[in-house]
1. Mind checking the full-extension length gain between Thr224 and Ala153? Use 0.36 nm per residue of separation minus the Cα-Cα distance, one decimal, nm.
2. Scan the chain and hand back the longest stretch that contains none of the GluC sites (Glu not before Pro) lying in DSSP loops with at most 15 other Cβ atoms within 10 Å.
3. Taking the chain on its own, what percent of its Cα-Cα pair distances exceed 27 Å?
4. Per the Kirkwood formula on distinct C-alpha pairs, the Rh of region 126-193 is how many angstrom?
5. Note down the nm distance, to one decimal, between modelled labels 7 Å out along Cα→Cβ at Glu186 and at Phe164.
Amino acid sequence: MARRNNRRDLNFSNAVVDAELIEGASSFALHGRNIVFNIGDTVVEIAGKPRQTIQPFSSTTLIDAVIENAQAMIVIRVLETVGARASTLGWPRYAETITDPTAEILGLPLYRSSQDDLIEIRLSGAAAMLAGNPETDGMTFAAKANLWFAPEATDCLIHNLHPFIETHVQIMGVGRMQKFQTQQRETLTEEILMAPGFAQPFFDCTSDNIGGFLYPWHQYYADTDCMWLALELHPFAGSHD
């Protein structure tokens, strides 16, 4: 039987952000202000009358709350907003983490924390629909998470291909998830405003012919200095029912 209230620090926790993975939460007390991101395929139940819930792959900000039940959730506490600068976080630029970065990426002030291996997630039924691709029904994924940081007025690269399914949660600052018709900024078609504690709904995607996922052209844009969490679901080979 799985342990109740099994908790561990995520490897990108630092003096600015405290992040934990909680599995099997039961009567779990949260102290202070917390961003709670449900990464399970059942609702997170919050104590109260009437009882409130957090839907799968959704998030909210809770203050001094009690979680009655949760399969798996990420809990993030912002400890120091003043210290959230690229120079103090100690994270590498994105360009330093990939091979053969383009000139555009080399000039991009985008910083990435280490990535934490979370849990295995099996998408089925409604969860597959929430993840934006009904073809993933019955598939098992390795869930991974990391933080990103970008300074004010940063375009964080328009792209449309991933080897994983992704969504994002705003941690600090205000930004936008943007969609485009092409890779050109002037073809902007949709914006989703991102404020602290908000989880972007999964964008719809299709499976490509090499095991990845084709998304609409999209990017993150930082209106202010911003920190956000990325959740990546990496498919296991041959995991489909």
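1. 24.9 nm
2. Working: sites that count: Glu80, Glu152.
Between exposed loop sites, the widest span is 153-241.
3. Numbers: 10055 of 28920 pairs.
That tail contains 35 percent of the Cα-Cα pairs.
4. Result for region 126-193, one decimal place: 14.5 Å.
5. The two pseudo-label positions are separated by 3.5 nm.
No lab work stands behind these numbers, since they all come straight from the coordinates. Owing to the predicted nature of the structure, the values given are computational and were not obtained by experimental measurement. Because the Cβ atoms are built from the backbone with ideal geometry, glycine has one as well, and the counts that use them run over all protein chains shown.
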